[in-house]
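A quick write-up on the structure given underneath.
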Amino acid sequence: MPQFSALPSFPGGGAEKPKPAELQPNPALIGVRQARTARIGAVNFPLGLAVNGTTVTLASGDGAVVALDGATGRELWRANAGAPIAAGAGSDGTTAAVITRNNDLVAFAGGRELWRQRLPALSYTPPLVAGARVFVLAADRSVAGFDGQTGRRLWTQQRPGEPLVLRQAGVLLAVGDTLVAGQGGRMAGLNPLNGTIRWEAPLATPRGINDIERLADLVGGVSRTGNVVCARAFQAAVGCVDAERGAVLWTQRANGSDGVHGDEANVFGTENDGRVVAWRRDNGQRAWVNERLLHRGLGTPLALGRSVVVGDDSGFVHMLSREDGSLLNRLATDGSAIAAAPVVSGNTLVVVTRNGAVYGFVPQ
């Protein structure tokens, strides 16, 4: 469920949550086995898994920052940020970075703390580590660049926005020599050297009579193929942008809260009611819809091989056909919700639960 910052509370409505759809029998059409597990500590923040080769860098709510071998689950190094984590982890394979609830941006190398820098605003987006720099997207929609070795602030790009923000990860990635960031309902291309804006591409326009209805922030993760980046605007739209020209290629109305992923043909996402949708990458038309997982609390999917992998709030990982959305296999974890979008490291599917269990699944 999405959470909001700068919002006192929601009035109690008393409405019962819809009953999750019953699971269909598992056809087990893809041979997959659990290879190993590891533990990192409970996850109660917007977790991102940074994959660099066979190394997976991640964090837990108690401040632990851990690098694991994606194939074996062996711990390569472990450090502590000294405070609970608010967002993380980001890594380029050498430098890793997280943000604490004390608003400290903390960088590590090989398990040793390199530096920390106090941020002027909260952040719920894992830092981006690229090009010997660390980039931060803050909850006030500002973007900042820091020197990766010293932590010196290099620049800040600020833009006004709606007063309410999502307490979940936004869009922040590198496309060629352009830093791409979500600022409200717009995707912006920035010069990573000085923060100047090269282009802006609107995916959604804030509408409504109150702050909640006007919220249209872009949410992570994204689907990138070449220069084309596709993303979701919170409960408003899914669309694709040419990140070289800053041109919007298409947008489609969509009512979801989590990010998207995709392949050369389609963009995949989950709607708030549990529908899994495939949009054609070339024009945004729907390719298929799966309605067998309604109200199961689905997260951001992963396109992997012949499947679309998506976790739910009961700790199940569903593998759906990329061709038509039908169920291929279902994997079980520890019964707590899947905490982040699944990732792939080498030939291993890596999944993390809210209880802090890290699962590795491999082809059988």
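How do the pairs read when you match residues in the stretch 341-355 that are at negative phi with residues anywhere that are of a type in the set (Ser, Thr, Tyr) and not in a loop (DSSP other than H, G, I, E, B), using Cβ under 6 Å and keeping only pairs 6 or more apart or on different chains?
Between residues of the stretch 341-355 that are at negative phi and residues that are of a type in the set (Ser, Thr, Tyr) and not in a loop (DSSP other than H, G, I, E, B), the close pairs are 351/359.
Which strands (runs of 3 or more DSSP E) does the stretch 47-143 wholly contain that include 1 or more residues that are among the β-branched types (Val, Ile, Thr)? So that I can check it myself, show each step before the final result.
On the way: elements: 50-52, 55-59, 64-69, 75-80, 85-91, 95-100, 104-109, 112-118, 128-130, 133-137.
It comes to 50-52, 55-59, 64-69, 85-91, 95-100, 104-109, 128-130, 133-137.
List the number of the failed condition for residue 242; all other conditions in (1) of a type in the set (Asp, Glu); (2) buried (at least 22 other Cβ atoms within 10 Å of the Cβ); (3) farther than 18 Å from residue 138 by Cα hold.
Of the numbered conditions (1) of a type in the set (Asp, Glu); (2) buried (at least 22 other Cβ atoms within 10 Å of the Cβ); (3) farther than 18 Å from residue 138 by Cα, the odd one out for residue 242 is (2).
Could you tell me whether the stretch 28-38 includes any residue that is more than 21 Å from residue 91 (Cβ to Cβ), within 22 Å of the chain's Cα centre (by Cα) and assigned to a strand (DSSP E or B)?
Checked against the condition, which is being more than 21 Å from residue 91 (Cβ to Cβ), within 22 Å of the chain's Cα centre (by Cα) and assigned to a strand (DSSP E or B), the stretch 28-38 yields at least one hit.
Restrict the check to the stretch 352-360 and report whether at least one residue is crowded, with 20+ Cβ neighbours inside 10 Å and of a type in the set (Phe, Trp, Tyr).
Among the residues of the stretch 352-360, at least one is crowded, with 20+ Cβ neighbours inside 10 Å and of a type in the set (Phe, Trp, Tyr), which makes the answer yes.
Testing residue 287 on (1) more than 19 Å from residue 257 (Cα to Cα); (2) in contact (Cβ under 8 Å) with a residue 24 or more places away in the chain; (3) not β-branched (Val, Ile, Thr), one condition comes back false. Which one is that?
Unmet condition: (2).
Please determine, by comparing only the residues of the stretch 48-69 that are in contact (Cβ under 8 Å) with a residue 60 or more places away in the chain and surrounded by 23 or more Cβ atoms within 10 Å (Cβ to Cβ), which one is farthest from residue 306 (Cα to Cα).
Of everything passing the filter in the stretch 48-69, 60 is farthest from residue 306 (Cα to Cα).
Which residue is modelled with the highest pLDDT, if the candidates are limited to the stretch 164-214 and must be in a strand (DSSP E or B) and among the polar types (S, T, N, Q)? If you could, list the steps in order and put the result at the bottom.
Start the filter on the stretch 164-214 by keeping residues that are in a strand (DSSP E or B), which leaves 165-166, 172-175, 178-183, 186-190, 197-202.
Those left that are additionally among the polar types (S, T, N, Q): 178, 183.
Numbers: 178: 98, 183: 92.
Ranking the qualifying residues of the stretch 164-214, first place goes to 178.
From the list 344, 350, 310, 358, which residue is part of a strand (DSSP E or B), touching a Pro at 6+ places or on another chain (Cβ under 6 Å) and not charged (D, E, K, R)? I'd like the intermediate steps shown before the answer.
Numbers: 344 fails: touching a Pro at 6+ places or on another chain (Cβ under 6 Å); 350 fails: touching a Pro at 6+ places or on another chain (Cβ under 6 Å); 358 fails: touching a Pro at 6+ places or on another chain (Cβ under 6 Å).
Of 344, 350, 310, 358, the one residue that is part of a strand (DSSP E or B), touching a Pro at 6+ places or on another chain (Cβ under 6 Å) and not charged (D, E, K, R) is 310.
With 72, 150 as the choices, which residue is surrounded by fewer than 16 Cβ atoms within 10 Å (Cβ to Cβ), of a type in the set (Ser, Thr, Tyr) and closer than 22 Å to residue 174 by Cα? I'd like the intermediate steps shown before the answer.
Details: 72 fails: closer than 22 Å to residue 174 by Cα.
Answer to the check: 150.
Looking only at the stretch 54-78, filter to residues that are under 21 Å from residue 37 (Cβ atoms) and small (Gly, Ala, Ser); which one of those is modelled with the lowest pLDDT?
By that ranking, first place goes to 71.
Here are the criteria: (1) surrounded by fewer than 23 Cβ atoms within 10 Å (Cβ to Cβ); (2) in a loop (DSSP other than H, G, I, E, B); (3) out of contact with any His (no Cβ under 8 Å at 6 or more places or on another chain). Tell me which single one residue 274 does not satisfy.
That leaves (3) as the condition not met.
The values are calculated or read from the model by the stated rules, or taken from the named source; none is laboratory data. Since the structure is predicted, the reported quantities are computational estimates derived from the model, not experimental observations. All Cβ positions, even for glycine, are placed from backbone atoms using ideal geometry, and neighbour counts span all protein chains on display.
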